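Trainee: My structure is below; once you've seen it, I'll send some questions.
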Amino acid sequence: MATARRTRAASDRTGSRVAPEARRAQLVRLASELLTEHGLEMVQIKEVAERAGVSRPLVYRLFPTRKALVRAVLEDFAADLGARFHEALVRGWPGTLDQATEAFVSACCDAIEARGAGPWLLLDAHAVEPELARLGRSTLDELLDPWRRHLSTLGALSPRRASSVLRVVVAAGRAALDPWLEGTASREQATEDAVRAVSALLHALAIAPATTAKPAKTTKRAR
């Protein structure tokens, strides 16, 4: 018991020499790993402290609550994914909807490989604690806002219509990537399916209504 306390004390002393921002980044990364490997229920202050080899009080100083820790994981993933989205938009602007779709899917896959699938799944989770589910969905909404504007411009859609279309196509794209995350398909296969599904929906829901002329009104023939 004494040995364990001395080991923990040594870990805390070592941890105190780590800059707060570096320690915070480490804890967020470890929490993200726990989320990916074991699910949301394992993202606990105690578990993160044990994996980092530090005391719980040290973790609490940086993350006062479990919700704050989960929020940090989502924000970290969103920042990475948002940067990839921005790079794809700048590189491909103005481009076509098909090109935007491929850039969007590739950015998602790259972020998942870099940060883990756990945060990605939590962005649109429903079967978790309601408060954390709302947090995930609000993070997703913020991420999609630039794409909503991009879609509105390319498809000549109203903001409301663009938002509705985007929700449908994102759901389809996420579903197409599931086999890759589950290990039953390669990234290339899942990406191809996602691009096809999203492109088809975009053309059906966004392009067609914007480019198809309305039929001319017919007038009743005089009797």
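The values are calculated or read from the model by the stated rules, or taken from the named source; none is laboratory data. All figures in this text were calculated on a predicted structure; none of them were measured in a lab. Positions of Cβ are backbone-derived with ideal geometry, glycine not excepted, and every protein chain shown enters the neighbour counts.
Rundown of residues vs (1) over 30 Å from Gln44 (Cβ atoms); (2) of a type outside the set (A, V, I, L, M, F, W, C); (3) surrounded by fewer than 17 Cβ atoms within 10 Å (Cβ to Cβ), yes/no style:
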site: Val73; (1), (2), (3): no, no, no
site: Val90; (1), (2), (3): yes, no, yes
site: Gly116; (1), (2), (3): no, yes, no
site: Arg134; (1), (2), (3): no, yes, yes
site: Glu142; (1), (2), (3): no, yes, yes
site: Asp145; (1), (2), (3): yes, yes, yes
site: Val170; (1), (2), (3): no, no, no
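Trainee: Within the stretch 54-69, which residues are in contact (Cβ under 8 Å) with a residue 12 or more places away in the chain, part of a helix (DSSP H, G or I) and farther than 20 Å from Gly136 by Cβ?
Mentor: Correct list: Leu58, Val59, Tyr60, Leu62.
Trainee: Any residue at all in the stretch 104-114 that is on the phi < 0 side of the Ramachandran plot, at pLDDT 90 or above and among the aromatic types (Phe, Trp, Tyr)?
Mentor: No, there is no match, as no residue in the stretch 104-114 is on the phi < 0 side of the Ramachandran plot, at pLDDT 90 or above and among the aromatic types (Phe, Trp, Tyr).
Trainee: Now a separate question. Being surrounded by 17 or more Cβ atoms within 10 Å (Cβ to Cβ) and part of a loop (DSSP other than H, G, I, E, B) is the filter here; which residues of the stretch 21-43 pass it?
Mentor: Of everything in the stretch 21-43, just one residue is surrounded by 17 or more Cβ atoms within 10 Å (Cβ to Cβ) and part of a loop (DSSP other than H, G, I, E, B), namely Val43.
Residues checked against (1) out of contact with any Phe, Trp or Tyr (no Cβ under 7 Å at 6 or more places or on another chain); (2) not assigned by TED's automatic domain parsing to the domain that holds Asp193; (3) not small (Gly, Ala, Ser):
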{"position": "Val48", "(1), (2), (3)": "yes, yes, yes"}
{"position": "Ala52", "(1), (2), (3)": "yes, yes, no"}
{"position": "Val59", "(1), (2), (3)": "yes, yes, yes"}
{"position": "Asp110", "(1), (2), (3)": "yes, no, yes"}
{"position": "Ala114", "(1), (2), (3)": "yes, no, no"}
{"position": "Glu129", "(1), (2), (3)": "yes, no, yes"}
{"position": "Leu132", "(1), (2), (3)": "yes, no, yes"}
{"position": "Leu151", "(1), (2), (3)": "yes, no, yes"}
{"position": "Gly155", "(1), (2), (3)": "yes, no, no"}
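Trainee: Sort through Asp124, Asp141 and tell me the only one that's outside any helix (DSSP H, G or I), among the charged types (D, E, K, R) and under 10 Å from the mean Cα position of the chain (by Cα).
Mentor: Exactly one residue qualifies, and that residue is Asp124.
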